Amino acid sequence: MHISEGVLSAQVLIAGGAIAAAGTAIGIKKMDYDKVPEVAVFASAFFVASLIHVPIGPSSVHLILNGLMGLVLGWTAFPAILIALLLQAVLFQFGGLTTLGVNTVTMAVPAIVCYLLFHRLALSKKQWLSITGSFACGAGAVFMGAVLVATALVTTGEAFAPAAKLILLAHLPVMAIEGIITVLCVKFLRRVKPEILEATYAR
C-alpha cells in the first residue's frame, strides 16, 4: 500500500509525518537492546514481502505482514516498518521520501491497534480462540491499512475516491491470505519459541 509521491496534499503529508515521528519515538523507547535482532528480522521480512506489488492507481497491492509484526514486536513495529519503507523508497523508488510518514502510518498504526486488540486472544490456551485472534490480527491490520490509505487519498481530493474504493476492494483477498499466514506463524512460534509473543505482551 505504497502511496506515490506527488499525490497527497501538504496537510496530509505533514499529519502523517508527525504521527509517524511520534509512533517511532515510542517504539524506539520501548525497544530493548536484546530485541534489536528480532526487530531487524521482521523489518527484513516486511521489506521482502512488500517488494512484489501490483500497482493500483496512486497506490499498490502486496503482502504486508503488519498484523504479524504487531503481534511479535508490539510498538517496535513502528521503527521496523519505517526503516523497511525508507530502504524501499531509496533503493526501488516504492512510495517516496515525502510520503514516507504517511506510508509508515498506514501500515504501522494498524499493526499497533491489532496488537492491542488481539494479542491476548492470540495467546489463549484454547486453540480456536488463538486461531481467531491471530486471523483477526492479520486480516484486520490489512483492512485498517487499506482504510487509512483510502482516507488519505479522499482527504486529499474527491478525484481520488474511485481509486480509494478500488484499493479497498483489491485488498479483500490480501486480508484472507494475511490472516492465514498470521495464524500459521503464530502457531509455529507458540510451538518453538512462545516467549517471543509473551515477552511482547509484557512490555
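For the residue pairs Lys35/Lys125; Lys35/Lys193; Lys125/Lys187; Lys30/Lys125; Lys29/Lys187, the C-alpha atoms sit more than 20 angstrom apart in Lys35/Lys125; Lys30/Lys125; Lys29/Lys187.
Packing here is the average count of other Cβ atoms within 10 Å per residue, and on that basis the peptides 99-112, 162-175, highest first, run 99-112, 162-175.
Counting only DSSP H runs of at least 4 residues, each contributing -39500 (n - 2.57), and dividing by the residue count of the chain, the helix-based mean residue ellipticity at 222 nm comes to -25000 deg cm²/dmol.
Based on C-alpha pairs under 8 angstrom that are at least 6 apart in sequence, region 10-202 has a relative contact order of 24 percent.
Remark: spin-label model distance Ile26-Ala176 equals 3.3 nm, labels positioned 7 Å along the Cα→Cβ axis. Averaging Cα coordinates gives a centre for region 119-147 and one for region 78-95; these two points are 25 Å apart. Are there cysteines in the chain with no other Cys C-beta under 4.7 Å, and if so, which? For the chain, the answer is Cys185, because their Cβ atoms have no other cysteine Cβ under 4.7 Å. Listed values [x] 48, 34, 25; [y] 103, 35, 25; [z] 58, 32, 25 include one computed from this model; for Cα extents along the principal axes in Å that value carries the label [x].
Any read-out appearing in this document is the output of simple, stated calculations on the displayed coordinates, not a laboratory observation. Bear in mind that the values here come from a model prediction, so they are computed numbers and not experimental data. We place every Cβ from the backbone using ideal geometry, glycine too, and count neighbours over all the protein chains shown.
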